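Chemist: Next up is a structure, given as structure tokens.
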Amino acid sequence: MTAFRQLRLARLWFLIGAVLIAVTLYFALKPGGPPAGFPYADKVYHASAFFLLSAWFAGLFERRAYLWLAVAMLAFGIGIEIAQYLMPYGRTAEVGDVVADGVGVVLGLLLAVVLRDSLFARIEKWLTPN
């Protein structure tokens, strides 16, 4: 039994999600870090990125897999912080970033629970009306 939702365009949605992961990883590890902008901007960036990633992938998985999705997202965030710690040029690891990631994950999954139906299922239904 698979935890993936039955979507006709599942491979496309997953590929786009993989690109989102790659873009997130690029911006998390590129030299110099994010622009400052305002106090705690870095935390807002982390929470926003993990909100988007969690909400995106929640649309691909059945609800019973949301706990594992949350664990995977947090592991990704912790992995980013470990990579930043190991980098030789100006990036630092912060526990606060992992907390912000966790806030984003929780909010993304809450949105998925509130919406009930997968956003992707809605889009696919709209693309092919009966």
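Only the coordinates and a few stated rules stand behind these numbers; no lab work does. Computed from a predicted structure; not experimentally measured. As a convention, Cβ positions derive from the backbone with ideal geometry for all residues, glycine included, and neighbour counts pool all protein chains shown.
Chemist: Tell me the Rg and the Dmax, in Å, that the Cα atoms of segment 10-127 produce.
Modeler: When restricted to Cα atoms, segment 10-127 yields Rg and Dmax of 15.0, 48 Å.
Chemist: Let me ask you something else. What is the sum of charges, Lys and Arg at +1 and Asp and Glu at -1, for the other residues whose Cβ falls under 13 Å from the Cβ of residue 44? Could you put the intermediate results ahead of the total?
Modeler: On the way: positive: 43; negative: 42, 97, 101.
Taking every other residue near residue 44 into account, the sum is -2.
Chemist: What net charge do the residues around residue 64 carry, taking every other residue with its C-beta under 15 Å from that of residue 64, with Lys and Arg at +1 and Asp and Glu at -1? Mind dumping the intermediate values first?
Modeler: Details: positive: 5, 63, 116; negative: 62.
Neighbour charge sum, excluding residue 64 itself: +2.
Chemist: Can you tally the net charge around residue 115? Count Lys and Arg as +1, Asp and Glu as -1, for every other residue whose Cβ sits under 13 Å from the Cβ of residue 115. Can you show the working numbers first?
Modeler: On the way: positive: 5, 63, 116, 122; negative: 117.
Counting the neighbours of residue 115, the net charge comes to +3.
Chemist: Under 8 Å for C-alpha pairs, at least 6 residues apart: give me the relative contact order for the chain, rounded to a whole percent.
Modeler: Reported as a whole number, the value is 35 percent.
Chemist: Please identify the helices of the chain, taking whole runs of DSSP H, that span at least 18 Å along their own axis as judged from the Cα atoms and have a mean Kyte-Doolittle score of -0.5 or higher.
Modeler: Helix filter hits for the chain: 10-29, 41-58, 66-86, 95-115.
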